[in-house]
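> Just passing along the structure, written as structure tokens.
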Amino acid sequence: MNELATRAAHRPDGREVLADGKAAVLPALRAAVDRLPEQARRIAGYHLGWHGGPGRAGKAIRPALTLLCAEAAGGSAVDALPAAVAVELAHNFVLMHADVIDGAPTRRHRPAVWQAFDIGEALLTGSALQALAFDVLASSAESSEARTLAAALQDLPAPHGTGRPLENPAGALFECACVLGASAGGGSPRQVDELRLFGARLGSLYRASDRQKAGYLLAEALRRLPAGGPATAGLEAMARLIHHDN
């Protein structure tokens, strides 16, 4: 696997950096999902957009952040691959359960899993993805990384008068993704903390509805990045893409 940072240095466009990250993590993600029992594997593949008719796959923003943060901390994207897979599995567990809780009929431009199959299958498959995320981490990571993921899942946003049981769960794992990457890359405590703050600001930016606030959050996120380097260029490009698409 080519290092994402090297590619980002030559073409620091957010969409291309994101596509590189997705391409880097997809084979390992597929291999992990293939370990599930047949029915869970089939439903997870549907949810991930790999089969089952028209729709689209997820953007894989979080695993791309994990890989780039590993490089920004001085390590290798290869070392962070299990963490990237784990955070993407956890993210999709959150989405699958959130669709049931929220009664959301669609996900990625086609029926959500609970609509295409049933509520029980959605809950069981989501739980299988969560368990698989920890299994992937346990096979290659320190226990502290599993605790980081567990803490992120326990700290999902609560409702604030929106009528939604989960307040945009899609942004909840940005901080976790960055911490896992920085830790897998062997970052110092200071590096891990700065990239954690970058991820936290990015998650808030992803959820921001006010343009002025979004601009402030973008500036705060970029301020936390290490100086220079191709990995920093990739992270900055992704942050600007999130701000643009918000």
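The values are calculated or read from the model by the stated rules, or taken from the named source; none is laboratory data. This is a predicted model, so every value here is computed, not measured. Backbone-built Cβ (ideal geometry, glycine too); neighbour counts: all protein chains shown.
> Working carefully through the options Gly203, Gly181, Gly215, find the one that is modelled with pLDDT of 90 or more, in contact with a Phe, Trp or Tyr (Cβ under 8 Å, 6 or more places away or on another chain) and assigned to a helix (DSSP H, G or I). Before the answer, list the steps.
Details: Gly181 fails: in contact with a Phe, Trp or Tyr (Cβ under 8 Å, 6 or more places away or on another chain); Gly215 fails: in contact with a Phe, Trp or Tyr (Cβ under 8 Å, 6 or more places away or on another chain).
One residue alone meets the criteria, Gly203.
> I'd like to check something: does region 139-149 contain any residue that is assigned to a helix (DSSP H, G or I) and touching a Cys at 6+ places or on another chain (Cβ under 8 Å)?
To start, the set of residues in region 139-149 that are assigned to a helix (DSSP H, G or I) comprises 143-149.
Next, from what is left, pick out any that are touching a Cys at 6+ places or on another chain (Cβ under 8 Å): 148-149.
Looking through region 139-149, at least one residue is assigned to a helix (DSSP H, G or I) and touching a Cys at 6+ places or on another chain (Cβ under 8 Å).
> Identify the residue in region 84-119 that is in a helix (DSSP H, G or I) and of a type in the set (D, E, K, R) and, among all such residues, is surrounded by the fewest Cβ atoms within 10 Å (Cβ to Cβ). Working first, answer last.
Taking region 84-119 and keeping what is in a helix (DSSP H, G or I), we get 84-102, 113-116, 119.
Okay, now just the ones that are also of a type in the set (D, E, K, R), so 88, 99, 102.
Working: Glu88: 29, Asp99: 24, Asp102: 14.
The extreme case among them is Asp102.
> Could I ask something else about it? Consider region 195-217. How many of its residues are under 20 Å from Val179 (Cβ atoms) and either over 18 Å from the mean Cα position of the chain (by Cα) or among the basic types (Lys, Arg) (or both)? Show your work before the answer.
Of region 195-217, the ones under 20 Å from Val179 (Cβ atoms) are 195-207, 217.
Restricting the remaining residues to those that are either over 18 Å from the mean Cα position of the chain (by Cα) or among the basic types (Lys, Arg) (or both) gives 196, 201, 207, 217.
Counting residues in region 195-217 that are under 20 Å from Val179 (Cβ atoms) and either over 18 Å from the mean Cα position of the chain (by Cα) or among the basic types (Lys, Arg) (or both) gives 4.
> Same structure again: Can you list residue pairs whose Cβ atoms sit under 8 Å apart, with the first residue in region 223-245 being closer than 16 Å to Ala200 by Cα and the second being of a type in the set (Ser, Thr, Tyr)? Count only pairs 6 or more apart in sequence or on different chains.
Here the result reads Leu225/Thr232; Pro226/Thr232; Ile242/Tyr206, each pair linking region 223-245 to a residue that is of a type in the set (Ser, Thr, Tyr).
> Check off (1) at pLDDT below 90; (2) out of contact with any His (no Cβ under 8 Å at 6 or more places or on another chain); (3) under 12 Å from Val94 (Cβ atoms) for Cys176 and give me the number that stays unchecked.
(1)
> Just to be sure I understand the filter: pairs with C-beta atoms under 8 Å, separated by 6 or more residues or on different chains, first member in region 161-187 and under 18 Å from Leu225 (Cβ atoms) and crowded, with 16+ Cβ neighbours inside 10 Å, second member among the aromatic types (Phe, Trp, Tyr) and modelled with pLDDT of 70 or more. Which pairs pass?
Partner pairs satisfying both residue conditions: Phe174/Tyr206; Cys178/Phe198.
> Residue under question is Glu16, and the condition is that it be modelled with pLDDT under 95 and of a type outside the set (Phe, Trp, Tyr); does it hold?
Details: modelled with pLDDT under 95: yes; of a type outside the set (Phe, Trp, Tyr): yes.
Yes.
> Still on this structure, please answer the following. Hey, among Ala9, Ala70, Ala44, Ala64, which residue is in a helix (DSSP H, G or I), over 16 Å from Thr125 (Cα atoms), out of contact with any Asp or Glu (no Cβ under 7 Å at 6 or more places or on another chain) and modelled with pLDDT of 95 or more? Outline the logic, then answer.
Numbers: Ala9 fails: modelled with pLDDT of 95 or more; Ala70 fails: out of contact with any Asp or Glu (no Cβ under 7 Å at 6 or more places or on another chain); Ala44 fails: over 16 Å from Thr125 (Cα atoms).
The conditions single out Ala64.
> Scan (1) within 19 Å of Asp193 (Cα to Cα); (2) among the acidic types (Asp, Glu); (3) free of Cβ contacts under 8 Å to residues at least 60 places away in the same chain for the single condition Glu38 breaks and write down its number.
(1)
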